[in-house]
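See structure below.
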Amino acid sequence: MRYDVLIVGAGPAGSAAARLLAQAGWSVALVEKAEFPRRKVCGEFISATSMAVLKECGVAAPFIAAAGPPVTRVGIYAGNAMLNAPREQVWGRALGREHLDVMLRDAAVAAGARLFQPAEVTNLTRQPDGYLCTLEDGRELAARIAVAACGSWNPRGVFAVPATAPKPSDLFAFKAHFTRSALPAGLMPLLAFPGGYGGLVQTDAGRTSLSCCIRRDALTRARQRFGGKAAGAVLAHILETTKGARLALEQATPAGHFLSTGPIHPGIRPRQDEDIYFTGNIAGEAHPVIAEGISMAIQSSGLLAQLLIAHRGERYAAEWKQRFAPRIRAAAVFAQLAMRTPTRAASLALLRAAPGLMGLGARLSGKVPISA
């Protein structure tokens, strides 16, 4: 079977690209190794800047209908400090990946993309006229262009991101849902705690999502102090050190089990190799401190589809860097400010004096609000 484009990975990045290319008349093969629906370690927040791509994909209305309430305020919880930006604006909404991924995948299929799921790519060979892909069951797919949208946490396969030697600074990610939380309506606070950072946001079905990253050395100390499983120790560490998180969650009820992954490796990676294009966080990954991971994945696929349809794919790597590299660099700075005690204290003092800087930080991370 021959296609114009082979897309590996049917998460938000892969499915958005598949939808946009298929509705432009391209023949698309979309390959995904996992069954859907699935939960993922993910902050779930999608900024208002992504709505144009979601609308073009035909899912803006169902996304709004299914997602949690609008996020109208950003803030920071660190130690005993609980700070909010003074102005209310709509920054975006959150939706669980078990819903979002299915929504975007089905939109791609409705536009004509051919779905192979569950199916894993075992080999990808460059041919004179494109690429030959072999699936684990022996089927072969030929395509003129290949797109890797399979994420950066992929330890094996043709697009695996190589592992690195363990370091104390390695970041491990955790995520959980809660019901009946006391998080104030419309607020999405950054959690800054010793050795890590995270966030809370109201998501779909009345749930509150907690997502966080913690350094390997801080995780080890938390487990020594609190015992038990890693996720439980991380939660106990956050609740003990972060008043705002404690007030929001101490009476809440867990909804499902914790998810974890890592180590994660934020940074910029190759975006293009001849006619192989990389989109989503396999191309570049921001520290989750800015809550822009899914938004960047969707937006980068919107950019890639736009350029491929216009026969300007050679511009993708440069335009990707121009749009997304500043966010990744800003996220690295914010992450270090959040995790280190001296810089966290200095940052809080500054934000108390000028709370409007929280809105500026949101804009530097790529968020553009709309009117409330």
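Restricted to region 76-113, and to residues that are in contact with a Leu (Cβ under 7 Å, 6 or more places away or on another chain) and surrounded by fewer than 21 Cβ atoms within 10 Å (Cβ to Cβ), which residue is farthest from residue 255 (Cα to Cα)?
Per the criteria, the residue is 109.
Restricting attention to region 134-154, which residues are out of contact with any Lys or Arg (no Cβ under 6 Å at 6 or more places or on another chain), farther than 28 Å from residue 54 by Cβ and not in a loop (DSSP other than H, G, I, E, B)? Write out each step before concluding.
The first filter runs over region 134-154 and keeps only residues out of contact with any Lys or Arg (no Cβ under 6 Å at 6 or more places or on another chain), leaving 134-141, 143-154.
Right, trim to farther than 28 Å from residue 54 by Cβ and you get 134-140.
134, 135, 140 - these are the residues of region 134-154 that are out of contact with any Lys or Arg (no Cβ under 6 Å at 6 or more places or on another chain), farther than 28 Å from residue 54 by Cβ and not in a loop (DSSP other than H, G, I, E, B).
Give, as residue ranges, the helices (runs of 4 or more DSSP H) completely inside region 274-356 that count at least 2 residues that are over 13 Å from the mean Cα position of the chain (by Cα), of a type in the set (Gly, Ala, Ser) and surrounded by fewer than 22 Cβ atoms within 10 Å (Cβ to Cβ). Don't jump to the end; show me each part of the working.
Details: elements: 293-309, 316-339, 341-353.
Filter on region 274-356 gives 316-339, 341-353.
Residue-wise test of (1) under 30 Å from residue 196 (Cα atoms); (2) out of contact with any Gly (no Cβ under 9 Å at 6 or more places or on another chain).
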residue: 19; (1), (2): no, no
residue: 28; (1), (2): no, no
residue: 42; (1), (2): yes, no
residue: 53; (1), (2): no, no
residue: 57; (1), (2): no, no
residue: 65; (1), (2): no, yes
residue: 89; (1), (2): yes, no
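Which of the following residues is touching a helix residue (DSSP H, G or I) at 6+ places or on another chain (Cβ under 7 Å) and either over 24 Å from residue 287 (Cβ atoms) or modelled with pLDDT of 95 or more (or both): 34, 29, 22? Lay out the reasoning, then the answer.
Numbers: 34 fails: touching a helix residue (DSSP H, G or I) at 6+ places or on another chain (Cβ under 7 Å); 29 fails: touching a helix residue (DSSP H, G or I) at 6+ places or on another chain (Cβ under 7 Å).
22 is the lone residue from the list that is touching a helix residue (DSSP H, G or I) at 6+ places or on another chain (Cβ under 7 Å) and either over 24 Å from residue 287 (Cβ atoms) or modelled with pLDDT of 95 or more (or both).
Looking at 335, 354, can you tell me which residue is touching a His at 6+ places or on another chain (Cβ under 7 Å) and at pLDDT below 95? Before the answer, list the steps.
Working: 354 fails: touching a His at 6+ places or on another chain (Cβ under 7 Å).
Result of the check over 335, 354: 335.
Cβ-Cβ below 9 Å, separation at least six or inter-chain, first residue in region 253-265 and more than 12 Å from residue 209 (Cα to Cα) and at pLDDT 90 or above, second open to solvent by 60 Å² or more (accessible area, probe 1.4 Å) and β-branched (Val, Ile, Thr): which pairs?
Short answer, once both residue conditions are applied: 263/164.
Consider residue 239 carefully, then state whether it is farther than 20 Å from residue 81 by Cβ and either open to solvent by 30 Å² or more (accessible area, probe 1.4 Å) or not small (Gly, Ala, Ser) (or both).
Working: farther than 20 Å from residue 81 by Cβ: no; either open to solvent by 30 Å² or more (accessible area, probe 1.4 Å) or not small (Gly, Ala, Ser) (or both): yes.
Criteria not met by residue 239.
Give the residues of region 69-81 that are out of contact with any Gly (no Cβ under 8 Å at 6 or more places or on another chain) and part of a loop (DSSP other than H, G, I, E, B), sorted by residue number.
Hits for region 69-81 are 79, 80.
Please determine whether any residue of region 330-349 is in contact (Cβ under 8 Å) with a residue 12 or more places away in the chain, touching an Asp or Glu at 6+ places or on another chain (Cβ under 8 Å) and within 25 Å of residue 275 (Cα to Cα).
Scanning region 330-349 turns up no residue that is in contact (Cβ under 8 Å) with a residue 12 or more places away in the chain, touching an Asp or Glu at 6+ places or on another chain (Cβ under 8 Å) and within 25 Å of residue 275 (Cα to Cα).
Go through region 139-180 residue by residue and tally those that are at pLDDT 95 or above and at positive phi.
Number of matching residues: 1.
Here's the yes/no breakdown for (1) within 23 Å of residue 44 (Cα to Cα); (2) part of a helix (DSSP H, G or I); (3) out of contact with any Asp or Glu (no Cβ under 6 Å at 6 or more places or on another chain):
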{"position": "83", "(1), (2), (3)": "yes, no, yes"}
{"position": "88", "(1), (2), (3)": "yes, no, yes"}
{"position": "98", "(1), (2), (3)": "yes, yes, yes"}
{"position": "103", "(1), (2), (3)": "yes, yes, yes"}
{"position": "108", "(1), (2), (3)": "yes, yes, yes"}
{"position": "112", "(1), (2), (3)": "no, no, yes"}
{"position": "119", "(1), (2), (3)": "no, no, yes"}
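The values are calculated or read from the model by the stated rules, or taken from the named source; none is laboratory data. Source: prediction; values computed, not measured. When we count neighbours, we look across all protein chains shown, and the Cβ atoms used for this are built from the backbone with ideal geometry, even at glycine. SASA here: full protein model, heavy atoms, side chains in, ligands and nucleic acids out. Shrake-Rupley method; radii C 1.70, N 1.55, O 1.52, S 1.80 Å.
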